[in-house]
Amino acid sequence: METQAIAILPDISIPLDLIHRREQFHGTSVNDCVHGDLILSRGRVVGMRPSAAAQTAPRLLFPALTEPHCHLDKCHTISRMPHSGGDLLAAIEAQMRDKAYWSESDIRTRAQRGLDEAIAAGCHTLRSHVDWGHEATPPTAWHVLLELAQESALTLQLSPLAGIDQMADPTFAATVARVVPDGHALGAFVLGHTQIPTGLRNMFALAADHGLPLDFHVDETLDPKINGLEAIADMALETRFDGPILCGHAVSLATCTPDEFRRIADKLARARITIVALPTTNLYLQGRDPHTPGLRGLTPLDALAAAGVPILLGSDNVRDAFCPVGRHDPLYALELAILAGHLDPPLGRWLRTITTDARTALGMNPTPIDGAHLNDLRIADASDLSHLISGAAHRPATDLLKEHLQ
Ligand SMILES: [Zn+2]
């Protein structure tokens with residue numbers, strides 16, 4: 001679309017937490033937003049001036065969403081396992097049996113459905129994990145998803161998901177790292193394994209050599225004795241790894257002692273590790289023993305944020321053995337986390353978990369609203385962030401220009 005050098009779009013609200021240079025936004029503060037006439041320069045947001053009139057229709061501008069953690073290889077398989085259920089181990093076994101159906105076309109059809117959902121939900125960026133097998137060579141799903149990454153309208157990052165004990169074998173780890181192209185991540189799951197330090201050392205060295213971010217599934221359990229997270233933080237501090245590190249789950253942080261929490265959170269902050277909580281899968285699989293529902297299986301999000309650890313939210317499993325319901329919609333993950341994780345208003349800081357902070361953790365420019373092109377923004381029929389997160393309709397922000405020029 002051709003864009004004018006300067007354009008004024010009247011009557012818009014934007015979340016204060018999604019602006020870096022607030023001094024250029026002269027509107028009326030309304031709760032966690034500022035309302036006024038938006039100033040664009042060649043399609044980019046450069047400021048705001050006060051509106052002559054009060055807001056007539058709710059219109060809230062926000063960054064396109066980032067889905068930092070999901071599983072496109074597994075999604076939409078639940079119809080083939082109507083009697084699944086149980087805890088994490090039961091889900092792993094059920095999903096393993098389902099892999100008998102994972103032909104190239106089956107994976108492509110399901111993953112494309114997941115991508116279409118994410119795009120419809122307003123995502124511009126998405127990271128999917130891909131289950132690795134016993135062999136170091138990539139599974140069929142890796143090839144299929146790499147093809148989809150080249151074709152997709154959104155930025156699709158992939159991260160291999162092998163056990164950290166497999167990564168302790170240097171040949172296995174090097175073979176996996178070699179097939180991860182630039183723009184993707186090197187990943188593994190860590191859950192009480194026996195060779196965690198060796199596996200981590202191999203991964204940190206390979207990620208540094210190949211210039212790849214790191215991504216872990218770690219401590220997906222309420223057992224307070226399981227603490228792979230601190231081993232990851234120790235390795236990051238020891239090696240001074242300077243790429244992004246994203247750790248998913250970190251559930252056992254919810255059951256460790258306050259002293260342990262403070263010690264681990266301090267290391268996470270110093271190592272600049274980001275934690276992504278996955279509320280759907282965590283609530284479904286964790287806390288089933290002895291009577292369900294027991295404890296919530298969520299990492300302490302608010303306390304981590306207060307300790308200076310960046311936090312994100314992800315959709316994780318969507319309609320598979322690990323979570324029989326769900327959707328690829330980061331705003332839904334945020335809505336659920338507000339309830340399950342006690343994330344209090346003002347809500348703008350939590351919107352960062354699926355926008356700016358999520359992009360940073362994935363090794364991308366954060367794209368706050370100021371300076372962003374309308375192509376990278378969304379507009380919602382919402383008066384504030386509570387309204388947006390509670391399901392308000394939204395669409396590409398480029399529609400604003402079309403409406404304005406009509
Ligand atoms: Zn996951």
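Any read-out appearing in this document is the output of simple, stated calculations on the displayed coordinates, not a laboratory observation. Only a predicted model underlies this, so the values are computations on that prediction, with no experimental measurement involved. FYI the Cβ positions are ideal-geometry reconstructions off the backbone, even for glycines, and counts take in every protein chain you see.
Would you please classify the overall shape of the stretch 65-361 from the alpha carbon gyration tensor, given that a ≥ b ≥ c denote the square roots of the eigenvalues, rounded means a/c under 1.5, and beyond that prolate means a/b larger than b/c while oblate covers the rest?
Because its axes are fairly even, with a/c under 1.5, the stretch 65-361 counts as rounded.
Could you tell me which of rounded, prolate or oblate describes the stretch 133-206, using a ≥ b ≥ c as the square roots of the eigenvalues of the alpha-carbon gyration tensor, with rounded for a/c under 1.5 and, failing that, prolate when a/b is larger than b/c and oblate otherwise?
Prolate shape, in that a/c is at least 1.5 and a/b is the bigger ratio.
Provide the FRET efficiency to the nearest 0.05 for the residue 57-residue 342 pair, computing r from the beta carbons and using R0 = 35 Å.
0.60
Can you work out ³J(HN,Hα) from phi for every residue in the stretch 205-213, in order, using Karplus 6.51 cos²θ - 1.76 cosθ + 1.60 and θ = phi - 60°, giving whole Hz and x for Gly and Pro?
5, 5, 4, 5, 4, 8, x, 10, x
Using the per-residue mean of other Cβ atoms lying within 10 Å as a proxy for protection, in what order, highest first, do the peptides 350-356, 254-260, 13-19 fall?
Ranking the peptides 350-356, 254-260, 13-19 by packing returns 350-356, 13-19, 254-260.
For the stretch 45-55, in order, what is each residue's ³J(HN,Hα) by Karplus, 6.51 cos²θ - 1.76 cosθ + 1.60 with θ = phi - 60°, in whole Hz (x at glycine and Pro)?
6, 10, x, 8, 10, x, 7, 5, 10, 5, 4
Ranked highest first by the average count of other Cβ atoms within 10 Å around their residues, in what order do 132-143, 210-221 fall?
So the order, starting with the most tightly packed, is 210-221, 132-143.
If Lys and Arg each add +1 and Asp and Glu each add -1, what is the summed charge of the other residues whose beta carbon sits under 12 Å from the beta carbon of residue 93?
That works out to 0.
Charges on Cβ only, +1 for Lys and Arg, -1 for Asp and Glu, centred on the Cα centroid of the stretch 65-361; of 69, 210, 160, which one is farthest towards the dipole's positive end?
69
List the residues whose amide H sits under 5 Å from the amide H of residue 123, counting only those 5 or more places along or on another chain, with H placed 1.01 Å from N in the peptide plane.
65
Amide H to amide H, which residues 5 or more places from residue 25 or on other chains are under 5 Å from it, using H placed in the peptide plane?
It is 48, by chain and number.
Hey, what do the phi angles of the stretch 302-313 turn into as Karplus ³J(HN,Hα) couplings, whole Hz, using 6.51/-1.76/1.60 and θ = phi - 60°, x for Gly and Pro?
These are the phi-based 3J(HN,Hα) values: 4, 5, 5, 4, 5, 8, x, 9, x, 10, 10, 10 Hz.
Just to confirm the filter: which trypsin sites (Lys or Arg not before Pro) across the stretch 22-123 are DSSP coil and have at most 14 other Cβ within 10 angstrom of their Cβ?
Qualifying residues, ordered by number: 42.
Net charge around residue 75, counting only other residues with Cβ within less than 13 Å of its Cβ (Lys, Arg = +1; Asp, Glu = -1)?
-3
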